[in-house]
Structure formats: C-alpha cells, structure tokens
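Worksheet: one structure, shown below.
The values are calculated or read from the model by the stated rules, or taken from the named source; none is laboratory data. In this text, all values refer to a predicted model and were calculated from it rather than measured experimentally. When we count neighbours, we look across all protein chains shown, and the Cβ atoms used for this are built from the backbone with ideal geometry, even at glycine. Remember, those area values only see protein heavy atoms, side chains included, never the ligands or the DNA or RNA. Shrake-Rupley method; radii C 1.70, N 1.55, O 1.52, S 1.80 Å.
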Amino acid sequence: MTIPYGRQNIDENDIQAVVDVLRSDYLTQGPVVGRFEEALARQCQAGYAVAVNSATSALHIACLALGLGPGDWLWTSPITFVASANCGLYCGAQVDFVDIDPYSFNLCPQTLERKLVSAEKAGRLPKIIVPVHLCGHPCDMATLGALSQRFGFKIIEDASHAIGAIYQGEPVGSCRYSDITVFSFHPVKIITTGEGGAALTNQAELADRMTRLRSHGITRDPSKMEGAFEGPWYYQQTELGFNYRMTDLQAALGLTQLGRLNTFITRRRFLAHSYSRLLKDIPLTLPLDDPGSSWHIYCVQIHGEDSRRDIVEHMQKCGIGVNVHYIPVYLQPYYRRLGFSPGYCPFAEKYYQRALTLPLYPGLNEIQQKEVARQLCNKLKKH
Ligand SMILES: *Cc1c(COP(=O)(O)O)cnc(C)c1O
C-alpha cells in the first residue's frame, strides 16, 4: 500500500533511546520499565501503571486481578477487537455482548441497563464490563460508573484506541469511573513500543496483583510472602502467573513516544478535521466530532446504495489501505460455536455492514488525504 491505514511514527530520539538501552545492563524488564510506568501514571492522572507485553495480556491480568473465573460473566461491546472478549474466556468465564449505540457506536448504556435488569432477575449479573472507546471517542463513563454502583459490577476500560483522549476534562486512564484502564502500544495505535500494553488503576491491591501476575505470580517482597524469608536469593510463587513482561527496550521507546503524545493527538485531530471538510459533500456519514477524541481511526459509514466491497477493492487497487473496524466479535466462527448467531446485536451488525476506515496516522500528508477523498468520491459518484 502506498498509503497504509495506520503507521507508527519513529524519530531519531526514539531510535537513540532504544540504542541506549542496548548498551546498558538490562534488556528485559529493568529500570526503564519503572520509569515508563511512572510517566504513564502521571500522564493519565492514575495512581499506578503496570506495563506488559500487549493490551491482550493487560486485559487478561486485569480480569484475573478482579477475580473473574468460572461461573462469572464478562460483557463487552460486539464492535471491538476480539481481545476485549477473549480475556473473559481465558479466565474460564462466560462472555456476552451489549449492542452499540447507533450514534456513538460505543456500547449503549441504555441497552446495558435493560440487560442488567433482566440479568438481575435471572441471577446472572456480570462481574466485569469492558467498555471500548471506539476510534478514541470516550464512552459515556459517568453513566456506566453509576450502573456499576447500582448493579455491583467492575469496569475495565479497553482504551487501546484512546491514550491521549479526554473525558470530562480528565485524561482517559484516570480510572475515575472504572477499576482498571488498558492501553495498547501496537504499532498502529497512538503510541508504540513494538508490542506492548499497560493496565492503569488507582487501587494499590489491583496494581500489586497485576504486577505479580505479569511475572509468574512470583514476589521478592518479604512482606508479601507466606512463612519465613530465607535470604537474598529467595522468592515465592504465591499464585499462578505468566511471563507478560515488557522489556526495557520497549519501555525506552514508550517513554520517548509518550513525550510526543500531545503532538500526535493534535496532528490526528487536524487530519480528522481535514477529512471531514474534504468529504462533506460525498454521500457518507462522517464520524461525530468529539472534541475529546484521540482519533485512533477515522471511520465513515457508507450509504445503503454503495457496495462496501467494491469500494474497498477499488481503494486497495489505488494503493490506499482502507480497512473495516470491526466485524462483530460474536459473528466469528469461534463465538458462533459458543452459541451466538446473526441478529443478536442488530445495531452492531448494521454498523459493520457500512463501516469503512480511512488511513489516519501522524505522517499522512494533505496531498495523500486529498487522494483518498478523490478516489472515494470517484467510486461513490458512479452510483
Ligand atoms: C489493538 C487492540 C487490542 C489488542 O492490543 P494488543 O496490544 O495487540 O494486544 C485490544 N482491544 C482493542 C480495542 C484494540 O484495538
């Protein structure tokens, strides 16, 4: 693709930071991971940040730290990447989906409320709800927070699209209305560490538990051990954890990338506004202009008369990497085998039929944007 749908932005400082770690004593998790975690927590106004090797891992240990297990339910939006739901299955819990709001395309709080009322009657309230800030547009967290108080569930924000987004004047990640917020640092996301993720929280016990779970369930802190501390070599495995550690190489890149977060967001917002100007006379539904959005992706809705497949194939032939976010998770063969079938979340399915993601990344220039708009215009006018 001459114009990919997303691309990392790496400068000389990023490269130098990684090279510096290569010349240092630690390659895997060392002091730079700690510095990256402090910087993340400060940036997001959260108490603690736990860096791991992906957002998928962060979601997994977030669920475990909140006690999710067999017999429990996790609910999320169907319009997300599969990882937002898979984390529940990893823990042996059951997963269910709450349809989206037809305007914001985020999990709909009113649909959620109705579903919670019937789940309460059936004695099957979820333990965890995972709202996803789709495209970087923050969910209605105040309403979700109020529902969590009323029905007693926990909230993990999947903010893989939303580092740098602002909700009610605070950064997404502050966990004002949630227990844990998860970020992804995959290269198509807003900042990158190659692969990487983090879980933020204000609760010390959750931070502690996730820190242990990312490294085999092992502690070296004598105050957290059972029985006697046997000496400087001693460690204890107190529960079953994983190797989900981030490396210092990745954290060094994360630190320099985080330093450019505001520049990235400003650029993404600028490009999103240019698209909205360039596309305003074409028969498309443009995304809402949420002033707090981090603009991870720019998703339009094509109208009924146009074939999305024709448009995608035409654009790709022109070297323009359009994409679709997302296929409703429960329509995946794996989830169908768990009993889901088409029609389950009508708004999500309608959204998916018409969704089209245009290229958006800091290095995209205005000439390229005009080319995207021109090709889209050409194709749509043929109808
Ligand atoms: C990218 C993404 C993930 C997974 O992130 P990884 O870091 O690749 O594990 C999870 N949820 C959403 C919404 C994402 O976009």
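Side notes on the structure shown:
- In summary, Leu200 fulfils each of the numbered conditions (1) more than 14 Å from the ligand (Cβ to nearest atom); (2) open to solvent by 10 Å² or more (accessible area, probe 1.4 Å); (3) of a type in the set (A, V, I, L, M) with the single exception of condition (2).
- Cβ-Cβ distances below 7 Å connect the following pairs, each with a first residue in segment 175-194 that is within 23 Å of Ala272 (Cβ to Cβ), a second residue that is β-branched (Val, Ile, Thr) and buried (at least 24 other Cβ atoms within 10 Å of the Cβ), and a separation of six or more residues or different chains: Thr181/Val172; Phe183/Ile163; Phe185/Ile191; Phe185/Thr193; Ile190/Ile163; Ile191/Ile163.
- Taken over segment 199-238, residues that are of a type in the set (Lys, Arg) and modelled with pLDDT under 95 amount to 2.
- Of all residues in segment 93-131, those satisfying the criterion of being assigned to a loop (DSSP other than H, G, I, E, B) and touching a Lys or Arg at 6+ places or on another chain (Cβ under 8 Å) are Ala93, Val98, Pro102, Lys127.
- Residue under evaluation Pro362, criteria (1) of a type outside the set (Ser, Thr, Tyr); (2) part of a helix (DSSP H, G or I); (3) under 25 Å from Phe270 (Cα atoms), criterion not met: (2)
- If you go through segment 123-133 and keep only what is among the hydrophobic types (A, V, I, L, M, F, W, C) and over 15 Å from Thr181 (Cβ atoms), you end up with just Leu125.
- Pairs linking a residue in segment 30-56 that is within 20 Å of Asp14 (Cβ to Cβ) to a residue that is away from the ligand (no atom under 16 Å from the Cβ) and of a type in the set (Lys, Arg), with Cβ atoms under 9 Å and 6 or more positions apart or on different chains, are Ala49/Arg42.
- Selection from segment 95-138 of residues that are among the aromatic types (Phe, Trp, Tyr), open to solvent by 10 Å² or more (accessible area, probe 1.4 Å) and in contact with a helix residue (DSSP H, G or I) (Cβ under 6 Å, 6 or more places away or on another chain): Phe105
- Checking each residue of segment 224-246 against the condition of being surrounded by 15 or more Cβ atoms within 10 Å (Cβ to Cβ), within 16 Å of the ligand (Cβ to nearest atom) and on the phi > 0 side of the Ramachandran plot gives no match.
- All of Glu195, Glu170 fail the test of being farther than 16 Å from Ile61 by Cα, of a type in the set (D, E, K, R) and either surrounded by 24 or more Cβ atoms within 10 Å (Cβ to Cβ) or within 9 Å of the ligand (Cβ to nearest atom) (or both), apart from Glu195.
- In this structure, Gly30 does not qualify as surrounded by fewer than 19 Cβ atoms within 10 Å (Cβ to Cβ) and under 22 Å from Ser178 (Cα atoms).
- Residue, surrounded by the fewest Cβ atoms within 10 Å (Cβ to Cβ), within segment 141-167, restricted to residues that are among the β-branched types (Val, Ile, Thr) and away from the ligand (no atom under 13 Å from the Cβ): Thr143
To keep it simple, each residue is scored yes or no on (1) open to solvent by 40 Å² or more (accessible area, probe 1.4 Å); (2) within 16 Å of the ligand (Cβ to nearest atom); (3) small (Gly, Ala, Ser).
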residue: Arg42; (1), (2), (3): yes, no, no
residue: Val52; (1), (2), (3): no, yes, no
residue: His60; (1), (2), (3): no, yes, no
residue: Gly69; (1), (2), (3): no, no, yes
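- Test result for Gly92, surrounded by fewer than 15 Cβ atoms within 10 Å (Cβ to Cβ) and within 23 Å of the chain's Cα centre (by Cα): yes
- Of the residues Gln8, Gln16, the single one that is more than 16 Å from the ligand (Cβ to nearest atom) and open to solvent by 30 Å² or more (accessible area, probe 1.4 Å) is Gln16.
- Number of residues in segment 58-78 that are among the hydroxyl-bearing types (Ser, Thr, Tyr) and either touching a Lys or Arg at 6+ places or on another chain (Cβ under 8 Å) or assigned to a loop (DSSP other than H, G, I, E, B) (or both) equals 1.
- For segment 285-318, the set of residues classified as under 14 Å from Val372 (Cα atoms) and either open to solvent by 10 Å² or more (accessible area, probe 1.4 Å) or free of Cβ contacts under 8 Å to residues at least 24 places away in the same chain (or both) consists of Cys299, Val312, Glu313, His314, Gln316, Lys317, Cys318, listed by residue number.
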